[in-house]
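Before any comments, here is the structure.
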Amino acid sequence: MTTSPDLQPGIPQRLDGEVTRIVAPNAGMMTGAGTNTYLVGTRELAVVDPGPDDESHVQAILNAGAGRIRWILCTHTHFDHSPAAARLKALTGARIAAMSAPLTDHDFRLDPDRQLAPDELLQCDGMSFRAVHTPGHASNHVCFLSDHGMLFTGDHIMQGSTVVIWPPDGNMRAYLQSLRRLLELDIRVLAPGHGHLMDSPHAEVERLIQHRLRREDKVRQAVLRAGEPATIQMLLPSAYDDVPKVLHGVAALSLRAHLDKLVEDGEIHCSNGHYSRR
């Protein structure tokens, strides 16, 4: 997820007749080139994932919106996706639609005008958005499926990288179930919260499911090889031996999510933060 000519912060990029992408200036290890904000519609617009409350980013959205912004849709309330919603609402009068934030330190306290329910439909200038509840990365995560088949995935699916599952709000079992649910939907293209558009959406979802299941097996084997109760830090080098050490701090979060699932499945035992075979 490196910066490329069409992922430059602040420059509106037309993706099709109804969708424009603006990348926020928050590039980093967790955000790639930056958070993608999408403006969707023609006469009236919905802003999907307004991003961080950065003055230049908000101004770029306002300039591209040109007085047409009516809805602000947040896939989830992490700090790289939703804080600009409040400022955009104050400046445009647009309504915010999202699921409320859980009580975690990495969620922005968002006050939606419309609390979304799973599969709820929102209308904007004749275009509809289906709120597909996709917990896993975050318990309040929602993907938005437009009626022309573009799925705005937030952090449920990212281009060029896998997402972090951060317990306790993040949950690996829920994440896998949410991925499988996407296979039932009529999706034309994936519009991720970070990175480029992705064609062949169902193939990408299948790839992610298989990747997670392979990782789960590596975690299972790491516990078996340990031979004695082992901590996450003891298991990390074996379970994530294909991931650079600089990323092991982040990988440890998803490792815990995999371990929690295996404990729930009854495959392994956990006592005082030490994991062992049953």
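In table form, for the structure just shown:
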| quantity | calculated |
| --- | --- |
| Order of Phe79, Phe129 under a 10 Å beta carbon neighbour criterion, fewest first | Phe79, Phe129 |
| Cβ charges +1 (Lys, Arg) and -1 (Asp, Glu), total dipole of segment 151-252, debye | 200 debye |
| Dipole magnitude of segment 210-277, debye to nearest 20 (Cβ charges: Lys/Arg +1, Asp/Glu -1, about Cα centre) | 160 debye |
| Ranking of Leu88, Leu151 by count of other Cβ atoms within 10 Å, fewest first | Leu88, Leu151 |
| Residue-span extension gain [Val263 to Arg180] - 0.36 nm each, minus C-alpha spacing | 27.7 nm |
| The chain - mean residue ellipticity at 222 nm from DSSP helices (-39,500 (n - 2.57) per run, n ≥ 4, rounded to 500) | -9500 deg cm²/dmol |
| Net dipole in debye of the chain [+1 Lys, Arg Cβ; -1 Asp, Glu Cβ; about Cα centre; nearest 20] | 320 debye |
| Sparse-neighbour loop sites [trypsin sites (Lys or Arg not before Pro); segment 150-188; at most 15 other C-beta within 10 Å; DSSP] | Arg188 |
| Sequence of Ile157, Ile11, Ile96 once ranked by neighbouring C-beta atoms within 10 Å, starting from the fewest | Ile11, Ile96, Ile157 |
| Full-stretch length increase - Asn63, Arg188 - with 0.36 nm per residue and alpha-carbon distance subtracted | 42.2 nm |
| Partner lysines for Lys218 [C-alpha distance under 28 Å; skip if fewer than 8 residues away on the same chain] | Lys245, Lys261 |
| Near-label residues of segment 57-74 by backbone N, under 17 Å of a point 7 Å along Cα→Cβ of Arg43 | 66-71 |
| Restricting segment 170-241 to GluC sites (Glu not before Pro) in coil, as DSSP defines it, with at most 10 other Cβ within 10 Å | Glu184 |
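Only the coordinates and a few stated rules stand behind these numbers; no lab work does. These numbers were taken from a predicted model, which means no experiment stands behind them. With ideal geometry, Cβ positions are generated from the backbone for all residues, glycine too; neighbour counts draw on all protein chains shown.
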